[in-house]
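J.: Quick one: structure below, then a few questions.
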Amino acid sequence: MVKRLLLMIMMLLIFALLVGAQDTTPEATPEVTAEMTSELSAEATAAPNDTPIAETTADPECPALVSTALDLTQNRCDATGLNEACYGFVMVESESRAGANALERPGDIASINDILTLQLSGLDVTTGQWGVLEFKVQAIVDEPSAETVSQDVQFVVFGDTQISNADEFVPVTPIENTSVYFLPDGNKIIAELAAGTSEAASARLVGDEWLRIPLVLDDGSASVGWVRVADLSFSADLSILPELTSEEALTPPELISNFGPMQAFVFTSGLDDAPCSAAPNSGMLIQTPEGVASVTIVMDEVVIQLSGTGFVQAQEDGEIRFDILDGEAQVTADGETRTAIEGQSVSVDLDENGQAIGAPNDPEPLDLDNIQSLPVEQLDDPVEIAPPLELPPGVPVSGQWSLNFNVDTGTCSDGSVWPFSSVGTVEVLAQQDGLLYGGNFHVSTGIGSYQGDYTASTGDNYSNVLLVAASDQITGTTTINFSGRSCTLSVPFTLQLVGQN
């Protein structure tokens, strides 16, 4: 009887301990459903200052935060106009040229002429913050035409990023409809400014009677012009602008000074910082107008001529990398240009100040981990991201290539001189066991090496050796036996990819 009683007491104690353990075990976080995400969006929309989601629900999940932030940004920024920036989701810090906040709260839209710097927060599930911003800049088109008028480049920025203008500007507003002159002399009119529009002055003439402003002309090309100070209203101190003499005003400005606000800027971002697979890494999407040959942007002293959609990341004392999701881009630094097409990336090394060091690196296939979950649906023209372009070693991109001879002239043994000049573009097509170069087949003689012989319509015989240095670069030598005379010349040349077929 006693043994039975002791056994019952022990069982009761074990049961009590088990119950106590269950009481102290935290409840499992419920899965965030689509319905819950919708409720989060509605609640966040109702919050006047975008109260972080962490305050409106317990332990929000990363995918829900990403979805909510992007949905809200798309709704708030739908009305963003040309040369305007929109604060999409918390947290975005901005400094205006007057020293105040240019964008104070989500949903605010401001002229990019008034913005000096932008700082966005990385994705933090604990606080429910993720900086998201959109802005649109009037395109500087490399091949302007009537169809390019008022086209814009769209930027979608998210996560741990910072943007600052690469030059000083002062926001100015025409008091009434105002003429823009070619020079500060009141003679040749090149454009008209509408009263009340926001412009950006980039320099001043000695005496402060004229201001220089960057322009995008009606055909989409970049230019600068001069406006009388008396015709403008402004609140900033003009003394922050560089002062030019009358002689200096005759000289075309440097490249960056030819651009307006947010057409040339310094950019940095986080790297590999997505907290979940549904979130993108910090960076910036850029999309150019459809149908435009290419648009020029200057970023971290690197010139990008983009036609299509790209993703950009940059780290000081690291690199700036351009992932081409659709279309193609030419990237120029240190006087050298490299071309990447959709499915490729091209990078440029940066110093500790975020400035370019040396020439661009060889194009590489896209890294799928780097471009995970990019919010391409936020773009005006959503695109399907191209798969990584994996080319066999020694095989170039099929497309149009520019041909440049490395000498100006060649001298025959009889003293006759033959001039050589660039001949524009030629087509290069990758073939099985060779290349079709200029319509003539060149057989593979090894990895990245090709050789071909043919006779031109003039009767001259050509023997070419091509060496593929990278997917966008080929070096070569052509040996020419001229018909009807005793003359043979060997001429070195280079081929640079211009764009895909």
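J.: Report yes if Ser345 is among the polar types (S, T, N, Q), modelled with pLDDT of 95 or more, surrounded by fewer than 17 Cβ atoms within 10 Å (Cβ to Cβ) and not assigned by TED's automatic domain parsing to the domain that holds Ile480, otherwise no.
T.: Here the answer is no, as Ser345 does not meet what is asked.
J.: Considering only region 468-490, state which residues are touching a Gly at 6+ places or on another chain (Cβ under 6 Å) and in a strand (DSSP E or B).
T.: Within region 468-490, Val468, Leu489 meet the criteria.
J.: Right, another one. Those residues that are modelled with pLDDT of 90 or more, surrounded by fewer than 22 Cβ atoms within 10 Å (Cβ to Cβ) and either over 23 Å from the mean Cα position of the chain (by Cα) or part of a loop (DSSP other than H, G, I, E, B) (or both), I need them from region 147-172; list them, please.
T.: Once the filter is applied, which keeps residues that are modelled with pLDDT of 90 or more, surrounded by fewer than 22 Cβ atoms within 10 Å (Cβ to Cβ) and either over 23 Å from the mean Cα position of the chain (by Cα) or part of a loop (DSSP other than H, G, I, E, B) (or both), region 147-172 yields only Asp160.
J.: Quick one: which residue in Ser421, Ser413 is in contact (Cβ under 8 Å) with a residue 12 or more places away in the chain, touching an Asp or Glu at 6+ places or on another chain (Cβ under 9 Å), surrounded by fewer than 17 Cβ atoms within 10 Å (Cβ to Cβ) and in a loop (DSSP other than H, G, I, E, B)?
T.: Ser421
J.: Scan region 443-466 and give yes if some residue there is surrounded by 14 or more Cβ atoms within 10 Å (Cβ to Cβ), charged (D, E, K, R) and within 23 Å of the chain's Cα centre (by Cα), otherwise no.
T.: no
J.: Another one. Between a residue in region 184-196 that is touching a residue at least 24 places away in the same chain (Cβ under 8 Å) and aliphatic (A, V, I, L, M) and any residue that is surrounded by 11 or more Cβ atoms within 10 Å (Cβ to Cβ) and part of a loop (DSSP other than H, G, I, E, B), which pairs come within a Cβ distance under 9 Å, given they are 6 or more apart or on different chains?
T.: Note: pairs meeting the criteria are Ile190/Phe182; Ile190/Leu217; Ala191/Leu217; Ala191/Asp218; Leu193/Asn177.
J.: Answer with yes or no whether Ala430 is in the same structural domain as Asp78 (by TED's automatic domain parsing), within 26 Å of Gly308 (Cα to Cα), among the hydrophobic types (A, V, I, L, M, F, W, C) and out of contact with any helix residue (DSSP H, G or I) (no Cβ under 9 Å at 6 or more places or on another chain).
T.: no
J.: May I pose another question? Does region 453-463 contain at least one residue that is farther than 20 Å from Asn406 by Cβ, in contact (Cβ under 8 Å) with a residue 24 or more places away in the chain and in contact with a Pro (Cβ under 8 Å, 6 or more places away or on another chain)?
T.: no
J.: Give region 464-496 a look and list any residue that's free of Cβ contacts under 8 Å to residues at least 24 places away in the same chain, under 27 Å from Leu389 (Cα atoms) and among the β-branched types (Val, Ile, Thr), or say none.
T.: Hits for region 464-496 are Val465, Thr475.
J.: Does region 209-237 hold any residues that are modelled with pLDDT under 90 and farther than 26 Å from Lys136 by Cα, and which are they?
T.: Selection gives Asp237 alone.
J.: Would you pick out the residues in region 377-401 that are outside any loop (DSSP other than H, G, I, E, B), under 22 Å from Gly499 (Cβ atoms) and in contact with a Leu (Cβ under 7 Å, 6 or more places away or on another chain)?
T.: Across region 377-401, the qualifying residues are Gly399, Trp401.
J.: I'd like to check something: does region 95-103 contain any residue that is in a loop (DSSP other than H, G, I, E, B), at pLDDT below 85, of a type outside the set (Asp, Glu) and farther than 28 Å from Phe265 by Cβ?
T.: Checking region 95-103: not a single residue is in a loop (DSSP other than H, G, I, E, B), at pLDDT below 85, of a type outside the set (Asp, Glu) and farther than 28 Å from Phe265 by Cβ.
J.: Only residues in region 228-251 that are under 15 Å from Val206 (Cα atoms) and in contact (Cβ under 8 Å) with a residue 40 or more places away in the chain count as the first member; pair them with residues that are exposed (fewer than 15 other Cβ atoms within 10 Å of the Cβ) and among the aromatic types (Phe, Trp, Tyr), Cβ under 8 angstrom, at least 6 apart or cross-chain, and list the lot.
T.: Cβ pairs passing all conditions: none.
J.: Still on this structure, I have one more. Pull up region 323-339, narrow it to residues that are in contact with a Gly (Cβ under 9 Å, 6 or more places away or on another chain) and either over 20 Å from Gln287 (Cα atoms) or small (Gly, Ala, Ser) (or both), then point me to the one that is modelled with the lowest pLDDT. Full working, then the answer.
T.: So the first thing to find is which residues in region 323-339 are in contact with a Gly (Cβ under 9 Å, 6 or more places away or on another chain), and the list is 323-330, 333-334, 336, 339.
Retained after the next criterion (residues that are either over 20 Å from Gln287 (Cα atoms) or small (Gly, Ala, Ser) (or both)): 327, 329, 333-334, 336.
Details: Gly327: 95, Ala329: 96, Ala333: 94, Asp334: 91, Glu336: 94.
Among them, the one singled out is Asp334.
J.: A further question follows. Please go through region 78-109 and pick out each residue that is under 21 Å from the mean Cα position of the chain (by Cα) and either within 24 Å of Ser239 (Cα to Cα) or not assigned by TED's automatic domain parsing to the domain that holds Pro289 (or both).
T.: Passing the criteria: only Ser94.
J.: Report every pair of residues separated by at least 6 positions or lying on different chains whose Cβ atoms are under 6 Å apart, first residue within region 283-294 and at pLDDT 85 or above, second crowded, with 21+ Cβ neighbours inside 10 Å and of a type in the set (Val, Ile, Thr).
T.: Gly283/Val312; Met284/Val157; Met284/Val312; Leu285/Val156; Gln287/Thr309; Thr288/Val153; Thr288/Val295
The values are calculated or read from the model by the stated rules, or taken from the named source; none is laboratory data. What you see is a predicted model; the values in this text were computed from it and never measured. Cβ atoms come from the backbone with ideal geometry, glycine included; neighbour counts cover every protein chain shown.
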